[in-house]
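Below is one structure; the comments refer to it alone.
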Amino acid sequence: MTPSLPFVALVTCFNDDETINFGATRRQVRRQIAAGNNILCLGTNGDFTALTFEEKVRLAGEVVEEVAGKTKVFANVGTPSTYETILLAKAVAKLGVDGLAVITPYFIGCTQEGLINHFTRVADAVDVPTYLYDIPARTQNHIEPATCATLAQHPNILGIKDSGGGKDSLDAYLEIANARTDFDVFSGPDSLVLYALEHGAKGCISGLGNVMPEVLKAICDAYDARDTAAAQEAQDRFTALRVDLYGLGYPPAMVKRALYVMDASVGASRQPALLPTPDLDAKIRRILEAHLITA
């Protein structure tokens, strides 16, 4: 059995003037490497919608450089238009990433035929392995299982990140992957890491892993070692933090602010994202302490 692949959807760190703090971001990269996790940059937790084209390319390059082959690096290159997505995919592919995640177009309503055309054109344009990225709550476009099955036949589309939030979409994608040898599923919901692995997922791409990197890795390691009790214990700890932290608001914003409470160099997100308050920070600090995380 090949080892499971835990990825963390890495945060992007900002200075007080909202410019990217590349040094702080690199420190977060090193933190994940030390824990044994792989990295997805430019994802939802990385504030990708607030970054310019040039910033995305530079950030991906800095992450690849910092990783230096110690772990895998995926980069999300999805934008609302197929044209810009292809431009970004080509630019990022040159940097040495191991895979390109392509989030479904957002703002623009798409038919399933439109999604097939979009992802096919992107995958045709690059040699780097391409992964679908479904997160309908944020994009309002959902990759239906039949569409996923069609796209799985493309030789350069090697998997999907499922951030649908529930077992229904995850199970449907897993059914497709389990019938093939060339298509993998990466689970997005932090509460379903172990469930996904037990049902055939290749790994996970977690936002909460920014806060609890070692626990995320522990779930995967215990599963790989067939230590069911240890895997469940780690998953329960991960889920408990998820319930408490995400109960305060929008999950990526809570992850980012939790990291800020732990290390102020992480910075806040670009506006108009969450405006932190002392009261919120106090609540987050109490949650981190309750879960034995140094704040």
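Laboratory data are not the source of any read-out in this text; all were calculated from the coordinates shown. For clarity, every value in this text was computed on a predicted model and none was experimentally measured. A quick note on method: Cβ atoms are made from the backbone with ideal geometry, for glycine too, and the neighbour counts reach across all protein chains shown.
Quick look at the values:
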quantity	calculated
Residue list for segment 2-58, restricted to those being on the phi > 0 side of the Ramachandran plot and not charged (D, E, K, R)	GLY36, LEU42
Check on SER191, under 16 Å from the mean Cα position of the chain (by Cα) and surrounded by fewer than 21 Cβ atoms within 10 Å (Cβ to Cβ)	yes
Options ILE176, ILE219, ILE205; residue that is outside any strand (DSSP E or B), in contact with a Phe, Trp or Tyr (Cβ under 7 Å, 6 or more places away or on another chain) and within 25 Å of HIS291 (Cα to Cα)	ILE219
Whichever residue in segment 6-48 is of a type in the set (Val, Ile, Thr) and over 30 Å from LEU197 (Cα atoms) and, among such residues, is surrounded by the most Cβ atoms within 10 Å (Cβ to Cβ)	ILE20
Pairs, first touching a residue at least 60 places away in the same chain (Cβ under 8 Å) and under 15 Å from TYR131 (Cβ atoms) in segment 146-169, second among the β-branched types (Val, Ile, Thr) and outside any helix (DSSP H, G or I), C-beta under 6 Å, six or more apart	LYS161/ILE205; SER163/ILE135
